[in-house]
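Each remark here refers to the structure printed beneath this line.
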Amino acid sequence: MTFVADCMLGRLAKWLRALGYDVLYMRRLDEQPALRFIERKRIILTRNTRLKSRLPKDKAILIEHDRVEDQLVQLARLGTIKFDPNTAFGRCMRCNLPLKLVSRLEVADLVPEHIYNSYSFFHSCPVCGRIYWPGTHHERMKELLERFCTNTSN
């Protein structure tokens, strides 16, 4: 499943990317571009009730909450997203592109020495060059994503 998030959902877009979903973030999204994205099989995520009312019902989701945690729970309850450890953390949270596995030697001068010495593998974004590793921040995010995406009870 692929998404387009409107300007009010930047944080949600990043967290969905952390889950491994392909999410375009649009600073400006109105009806015509949204319909083009729908033609490309993308689901529109919006907080804009007027935009939502102009789109096909099953092709757009009105995000009802302000807090990203509640937004993730809403999407999980709808069955739109789930946590899959095999696909989570496979995309750049900034660029949305799939990450590539890189050798330790390739990042030797790009990460702090203690990070380099502590981890055996790294991932890199092929566009922005951002480096990712499975540190404590990664583990905390994983725990939060699992909790939010399995919180489907009312």
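How many of the residues making up region 91-107 are more than 10 Å from Arg17 (Cα to Cα) and among the charged types (D, E, K, R)?
Going through region 91-107 one residue at a time, the tally reaches 3.
Using the structure shown, decide if Ala13 is modelled with pLDDT under 95 and either within 19 Å of Leu144 (Cβ to Cβ) or out of contact with any Cys (no Cβ under 8 Å at 6 or more places or on another chain) (or both).
no
Can you tell me how many residues in region 107-128 are part of a loop (DSSP other than H, G, I, E, B), exposed (fewer than 14 other Cβ atoms within 10 Å of the Cβ) and not polar (S, T, N, Q)?
Of the residues in that region, 7 qualify.
So which residues in region 68-127 are among the acidic types (Asp, Glu) and under 16 Å from Lys142 (Cβ atoms)?
Glu69, Asp84
Could you check region 119-136 and list, in sequence order, the residues that are modelled with pLDDT under 95 and over 15 Å from Arg94 (Cβ atoms)?
Those that are modelled with pLDDT under 95 and over 15 Å from Arg94 (Cβ atoms): Tyr119, Ser120, Phe121, Trp133, Pro134, Gly135, Thr136.
Got at least one residue in region 138-150 being under 30 Å from Asp30 (Cβ atoms) and among the basic types (Lys, Arg)?
No, every residue in region 138-150 fails to be under 30 Å from Asp30 (Cβ atoms) and among the basic types (Lys, Arg).
Which count do you get for residues in region 86-106 that are outside any strand (DSSP E or B) and on the phi < 0 side of the Ramachandran plot?
Residues flagged as outside any strand (DSSP E or B) and on the phi < 0 side of the Ramachandran plot within region 86-106 amount to 14.
What is the number of the single condition among (1) loosely packed, with under 15 Cβ neighbours inside 10 Å; (2) in a loop (DSSP other than H, G, I, E, B); (3) under 17 Å from the mean Cα position of the chain (by Cα) that Phe83 does not meet?
Evaluating Phe83 over (1) loosely packed, with under 15 Cβ neighbours inside 10 Å; (2) in a loop (DSSP other than H, G, I, E, B); (3) under 17 Å from the mean Cα position of the chain (by Cα) leaves (1) as the failure.
Taking region 109-151 only, how many residues are in contact with a helix residue (DSSP H, G or I) (Cβ under 6 Å, 6 or more places away or on another chain) and either among the acidic types (Asp, Glu) or more than 15 Å from Leu19 (Cβ to Cβ) (or both)?
Residues flagged as in contact with a helix residue (DSSP H, G or I) (Cβ under 6 Å, 6 or more places away or on another chain) and either among the acidic types (Asp, Glu) or more than 15 Å from Leu19 (Cβ to Cβ) (or both) within region 109-151 amount to 2.
Which one is surrounded by the most Cβ atoms within 10 Å (Cβ to Cβ) among residues in region 48-60 that are touching a residue at least 12 places away in the same chain (Cβ under 8 Å) and under 19 Å from Met1 (Cα atoms)?
It comes out as Ala60.
Which one of Ile131, Ile44 is farther than 29 Å from Met8 by Cβ and surrounded by 11 or more Cβ atoms within 10 Å (Cβ to Cβ)?
Ile131
Every residue in region 70-79 that is closer than 19 Å to Gly10 by Cβ and either crowded, with 17+ Cβ neighbours inside 10 Å or within 13 Å of the chain's Cα centre (by Cα) (or both), please.
Gln71, Leu72, Val73, Gln74, Leu75
The values are calculated or read from the model by the stated rules, or taken from the named source; none is laboratory data. Note that the structure is a prediction, hence the values are computed from the model and not measured. Positions of Cβ are generated from backbone atoms using ideal geometry, with glycine treated the same way; all protein chains shown enter the neighbour counts.
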